[in-house]
Amino acid sequence: MGRLFAVVLTIITIISAALVIMHVWWMPVDISTVGPRIDSQLDETMWATGILFIVSQLLLGYFVFTSGENKEKRAVKYFPGGATPLVLFAIALVGAEILVLSFVGSRVWAAVYMSPADPGSLQVDLAAEQFAFYFRYAGPDGQFGTIHPDKVQDGNGNYFGLDPENDVAARDDIIVGTLTIPVNRPVLLTMHSKDMIHSFYVPELRIQQDIVPGLTIPLHFTATQTGKYEIVCTQLCGLGHYSMRAFLEVVSQDQFDQWLKSQSGD
Amino acid sequence: MHDSSTQPVHHQMVEPTGFIRKHVFSLDHKVIGKQYYGLAFVAVLTGMLLSWLMRIHLAWPTVPIPLLDKLSPNGAPGGIITPEYYLSIMTMHATIMVFFVLTTAPFAAFGNFLLPIQVGAEDMAFPRFNMMSFWVTFVAFLVLVASFFVGDGPPLAGWTSYAPLSAVGAVAGPGQGTGQTLWAISIAIFCVGQLLGSLNFITTTLDLRTKGMSLARMPLSTWGWFITSVIGLLAFAVLLPACILLILDRTAGTSFFIPSGLVVNDQTLPHSGGSPLLWQHLFWFFGHPEVYIAILPGFGIISTILPAFARKTILGPRALLGSMISIGFLSYMVWGHHMFLSGMNPFSAILFSVPTLFITIPATISVLLWTGTIYGAKMRFTSASLFCIGFVSVFITGGLSGFFLAQPSIDTYLHATYFVVAHFHFVMAVAAMFGIFAGTYFWFPKMYGRMMNEALGKWHFWLTFVGVYCIFMPMHYLGLAGNVRRYASFTDNYLVPLIPVHKFISVAALITGAAQLLFFFNLFWSRFRGEKATDNPWEATTLEWSTTSPPPFDNFGGRHLVVYHGPEEYGVQGTAGDYVMQTSPEQIPPANAGKS
């Protein structure tokens, strides 16, 4: 029975590890300036935990394998040195790993979430609601109109609650359902939600951020590859949660300028 | 080690003879323990059926499920589950499993039956509170299940019930009306039951130990229930008021969790001044310790059962106990790791990340000590010992994925993906279930006086062990590929290629679930037809094996046991064999004394 367990556990361990090593299912392409650091942090953690996984499962299998052998003929054996070396080993090994991961990881985290946005960032406003994302650009005047929650109305397309009659800055604001940004330019998203907690997640950008009603949450990133990517909601927001998505279009600066012009011409 | 001089109190009650007082409103901790086990049994069946529905829907969304349209014409018209009903099923699966299975079975069921016996007491310190604790929990379960049958459907905000979705009421869509209110009421009632139970466990452990049962001589299973009850007392004391505030937001127009200016379905809500993050802080201040409420009894159960089958003392019992206590202590400092991306100050993410990573140290120590116990053992392979070994394996797997999620810099990618689902199922759900299975096969003879069928038990183990790896290991890969959790279907372009993996998981889940029928059948068959159990069928040392199977009403038939040894005396030369029972007055020759 012990031998069977050892064999089964070894097979499970090998298959599990092989599928990770072969990257059969893996992260999508990385299109963000912070992506390489996040990916290398993940790789580092994968190596550390992967080795621990294989060694500890195989060791468990081996001990179970031998614990059933000739057992009636021999006395029980105790682990050489007792518990103390194991405890010290665990503290030293895991402690060192924690220190390294925390030290490096905190800097990666800080680079994404704690550093200020580049002052030259393209500013885009995001409004999330059940079950859609809307994006707002400042328009030719470079000024965002003020948001009035009481004026939000989906029926007439006023997703942000603007007041163009009394607010000059609001008149030329561009409101669209797709996030179009120029490649290699920092973008500062200012995110609001009018109803539930939603979340902004683009796997290719390696970034995720909850959008909490009542809070204004900034998020900044720089995309490094042109293309069309999916923005999905990752915070349970009601029955249509699974269908709440939008697209991120990363285009060249020229294309972006043209797009912006065509939008404000309307 | 000193001898505790605490005297056991005399049993104040005489054994009742009427059916109601004996089997329904019983004050006997053994009956209450079995009642909790029965409740967990009904709950786990319900939760498992719900998980089947989820897995069928995810893999074959267009295939009608027979009978489901009869049960819920609105939720599954024509047998096809709607997106909102999928979320309801998910919410109910998680709520039922976390509260009514993973909290009640390892802690309340086994703890109630065994803790008083293992410390040599005749009953719990407060038998009436104990009875109340079960019946309150039972009512909580009825209230929760009732939400399946209310007008706009069961709640769908997830077991975490984040505000404002859970707080604003029916305006937020289906499932957010009466169903969500019932959810909050049910959980509030559940908290009361657990608070009563925790107080009882703490008092019994501290006050009712028999002569010679010093704290140092308590079995690690007793320690597991004791530490869990301390955690539970602090955790449920926070969730209870949080649920009351949520109920007030929903019914009395308060705004604890609802900010001003909310526009839901084109209606501007009158609420103002609340904070959705407040709910998350209160919930996770309970929610993270809850994970350890589910798993620490398993730590204790494994540490008590494993030596009995390895025929040697557990390696480093003090270090193991220290690990369990430090895990309990650290569990209160890490709730924010559920909220790295919630919009709280990003600096606090680092503060919550470091203690979270620290928990891996006591967890690693525990794993090494169990593994080191198996080294050189004379292992007796029974259903119970196999589930102990399986527990170590799945706990390693689940624990290691925690390394990723504890780091905010990686959580930014993996948060809210199937990687998280894989992590918590392995580390708390599957591991805790393995603890429950090991405990059941081990203590069933004591509870019912009959042995369980070993052949069925071993088949159950092999199918379950391989099955859980087939179900939950691929979820890591899904998460790495960015597969978002809590989605009723995968229409996004980048998720479509992952659907074959979901089909594989669903097939594995159906087979593994069906394998549990072996266990259910074994329970019922053995209850009536199993081989008669002797007093100490496993040659174990703790006090429950010093009395009859099942124990008499006052546990020891009027005897007051005296404890002479710790619970770890295996692999020594005693009069009965290679072990010395805690109640045996014989001396253990120093040369033979168990090493640690």
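The values are calculated or read from the model by the stated rules, or taken from the named source; none is laboratory data. The structure presented is a predicted model; accordingly, all values stated were derived computationally and were not measured. Counting neighbours? That spans all protein chains shown, and the Cβs are built from the backbone with ideal geometry, glycine included.
Numbers at a glance
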| quantity | calculated |
| --- | --- |
| Flag if B:Ala363 is crowded, with 23+ Cβ neighbours inside 10 Å and either in contact (Cβ under 8 Å) with a residue 60 or more places away in the chain or among the charged types (D, E, K, R) (or both) | no |
| Residues (more than 7 Å from chain B (Cβ to nearest Cβ), within 20 Å of A:Arg37 (Cβ to Cβ) and β-branched (Val, Ile, Thr)) located in region A:196-217 | A:Val202 |
| Among (1) more than 7 Å from every other protein chain (Cβ to nearest Cβ); (2) surrounded by 12 or more Cβ atoms within 10 Å (Cβ to Cβ); (3) β-branched (Val, Ile, Thr) - the single one A:Thr84 does not satisfy | (2) |
| Of the criteria (1) at pLDDT below 90; (2) farther than 20 Å from A:Pro213 by Cα; (3) part of a loop (DSSP other than H, G, I, E, B); (4) not aromatic (Phe, Trp, Tyr), which one A:Ala169 fails | (3) |
| Region B:156-187 - residue that is more than 21 Å from B:Pro259 (Cα to Cα) and away from chain A (no Cβ under 11 Å) and, of those, nearest to the chain's Cα centre (by Cα) | B:Ile187 |
| Count - residues of region A:31-60 that are closer than 28 Å to B:Pro500 by Cα, surrounded by fewer than 20 Cβ atoms within 10 Å (Cβ to Cβ), facing another protein chain (nearest Cβ under 10 Å) and touching a residue at least 40 places away in the same chain (Cβ under 8 Å) | 1 |
| Filter result for B:Thr268 (within 14 Å of chain A (Cβ to nearest Cβ), surrounded by fewer than 24 Cβ atoms within 10 Å (Cβ to Cβ) and free of Cβ contacts under 8 Å to residues at least 24 places away in the same chain) | yes |
| Residue among B:Gly513, B:Gly574, B:Gly530 that is touching a helix residue (DSSP H, G or I) at 6+ places or on another chain (Cβ under 6 Å) and surrounded by 14 or more Cβ atoms within 10 Å (Cβ to Cβ) | B:Gly513 |
| Condition met for A:Thr180 (at pLDDT 95 or above, in contact with a Pro (Cβ under 9 Å, 6 or more places away or on another chain), assigned to a strand (DSSP E or B) and more than 14 Å from chain B (Cβ to nearest Cβ)) | no |
| Among the candidates B:Val427, B:Val354, residue that is surrounded by fewer than 22 Cβ atoms within 10 Å (Cβ to Cβ) and in contact with a Ser or Thr (Cβ under 9 Å, 6 or more places away or on another chain) | B:Val354 |
| Helices (runs of 4 or more DSSP H) within region B:398-494 that include 2 or more residues at the interface with chain A (Cβ under 9 Å from one of its Cβ atoms) | B:408-414, B:454-480 |
| Pairs, first farther than 10 Å from B:His288 by Cβ and within 13 Å of another protein chain (Cβ to nearest Cβ) in region B:318-341, second in a loop (DSSP other than H, G, I, E, B) and of a type in the set (D, E, K, R), C-beta under 6 Å, six or more apart | none |
| Matching residues in region A:105-159 - criterion: being of a type in the set (Lys, Arg) and either part of a loop (DSSP other than H, G, I, E, B) or more than 14 Å from chain B (Cβ to nearest Cβ) (or both) | A:Arg136 |
| Lone unmet requirement of (1) within 27 Å of B:Thr417 (Cα to Cα); (2) surrounded by fewer than 15 Cβ atoms within 10 Å (Cβ to Cβ) for A:Ser16 | (2) |
| Matching residues in region B:384-397 - criterion: being at the interface with chain A (Cβ under 8 Å from one of its Cβ atoms) and not hydrophobic (A, V, I, L, M, F, W, C) | B:Ser393, B:Thr397 |
| Selection within region A:232-249 - of a type in the set (A, V, I, L, M, F, W, C) and within 14 Å of B:Ala416 (Cβ to Cβ) | A:Val232, A:Cys233, A:Leu236, A:Cys237, A:Met244 |
| Residue among A:Asp210, A:Asp254 that alone is among the charged types (D, E, K, R), modelled with pLDDT of 95 or more and surrounded by 23 or more Cβ atoms within 10 Å (Cβ to Cβ) | A:Asp210 |
| Single condition A:Ala75 does not satisfy, out of (1) in contact with a helix residue (DSSP H, G or I) (Cβ under 9 Å, 6 or more places away or on another chain); (2) among the hydrophobic types (A, V, I, L, M, F, W, C); (3) at pLDDT below 95 | (1) |
| Members of region B:349-373 that are touching a Gly at 6+ places or on another chain (Cβ under 6 Å) and either closer than 22 Å to B:Gln407 by Cα or more than 7 Å from every other protein chain (Cβ to nearest Cβ) (or both) | B:Phe352, B:Ala363 |
| Search result, residues across region B:495-527 that are small (Gly, Ala, Ser), more than 14 Å from every other protein chain (Cβ to nearest Cβ) and under 30 Å from A:Gly240 (Cβ atoms) | B:Ser506, B:Ala509, B:Gly513 |
| Candidates A:Asp195, A:Asp150, A:Asp173, filtered to the one that is in the same structural domain as A:Arg206 (by TED's automatic domain parsing), among the acidic types (Asp, Glu), surrounded by fewer than 16 Cβ atoms within 10 Å (Cβ to Cβ) and more than 22 Å from B:Asp411 (Cβ to Cβ) | A:Asp150 |
| Of all residues making up region A:135-146, the number that are touching a strand residue (DSSP E or B) at 6+ places or on another chain (Cβ under 8 Å) and surrounded by fewer than 21 Cβ atoms within 10 Å (Cβ to Cβ) | 3 |
| Residue that is farthest from the chain's Cα centre (by Cα), among those in region A:153-162 that are surrounded by 17 or more Cβ atoms within 10 Å (Cβ to Cβ) and not hydrophobic (A, V, I, L, M, F, W, C) | A:Gly161 |
| Which numbered condition A:Trp259 fails, given (1) farther than 30 Å from B:Ile89 by Cβ; (2) of a type in the set (Phe, Trp, Tyr); (3) within 25 Å of the chain's Cα centre (by Cα) | (3) |
| Elements of type helices (runs of 4 or more DSSP H) contained in region B:76-155, each with 1 or more residues being within 19 Å of the chain's Cα centre (by Cα) and surrounded by fewer than 24 Cβ atoms within 10 Å (Cβ to Cβ) | B:83-95, B:127-146 |
| Some residue of region B:225-240 being at negative phi, surrounded by 19 or more Cβ atoms within 10 Å (Cβ to Cβ) and within 14 Å of another protein chain (Cβ to nearest Cβ) | no |
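This table checks each residue for (1) in the same structural domain as B:Ala105 (by TED's automatic domain parsing); (2) in a helix (DSSP H, G or I); (3) of a type in the set (Ser, Thr, Tyr).
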site: B:Leu296; (1), (2), (3): no, yes, no
site: B:Ser303; (1), (2), (3): no, yes, yes
site: B:Ala319; (1), (2), (3): no, yes, no
site: B:His337; (1), (2), (3): no, yes, no
site: B:Ser342; (1), (2), (3): no, no, yes
site: B:Pro355; (1), (2), (3): no, yes, no
site: B:Ile359; (1), (2), (3): no, yes, no
site: B:Lys378; (1), (2), (3): no, no, no
site: B:Ile396; (1), (2), (3): no, yes, no
